[in-house]
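Every number here is computed from the coordinates shown, using simple stated rules; none is lab data. Worth saying up front: this structure is predicted, and the values here are computed from it rather than measured. Backbone-built Cβ (ideal geometry, glycine too); neighbour counts: all protein chains shown.
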Amino acid sequence: MIKASELAKELGLYLKIVTSNKFFDTYNPFFNIFDEVEEPCRRILVLTPYKELEEVNDKNPADPIIEPMLIEGNIWLKEYPLTTNPRKINLDEIEITEEFYNKIKNMERGQTPLQ
């Protein structure tokens, strides 16, 4: 097992817990307009180059994160329920398997297709 925080340092990325939001449009026939609504879905553990990242767009919140996914420049590692307090997640204790480590390294080299 490899600590996710060590992988972040090795790759020069930030390990963060962010909130995922689902964006969708709704049609209001009275005003003949579409409204964009933001709905928080879950918390995501990501490796990201963005220090200030707090939210990500989640097109498929019902799909579990089973393996690392490269989405919009961030590597999604793990998911937590929205009810999980992010302050209670100790990032230094999170470990990933060597298989995940190799997949993430390949993503960084551009050898894995974007998902």
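Numbers at a glance
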{"item": "Spatially proximal lysines relative to K22 (Cα-Cα < 16 Å; intrachain offsets below 8 disregarded)", "result": "K59"}
{"item": "L13 long-range amide H proximity, modeled H, under 5 Å", "result": "none"}
{"item": "Amide N proximity, the stretch 40-68 versus K105 label position 7 Å along Cα-to-Cβ, cut-off under 11 Å", "result": "none"}
{"item": "Straight-distance crosslink candidates among lysines, where the alpha carbon sits under 21 Å from K51 and sequence neighbours closer than 8 are dropped", "result": "K3, K9, K16, K78, K88, K105"}
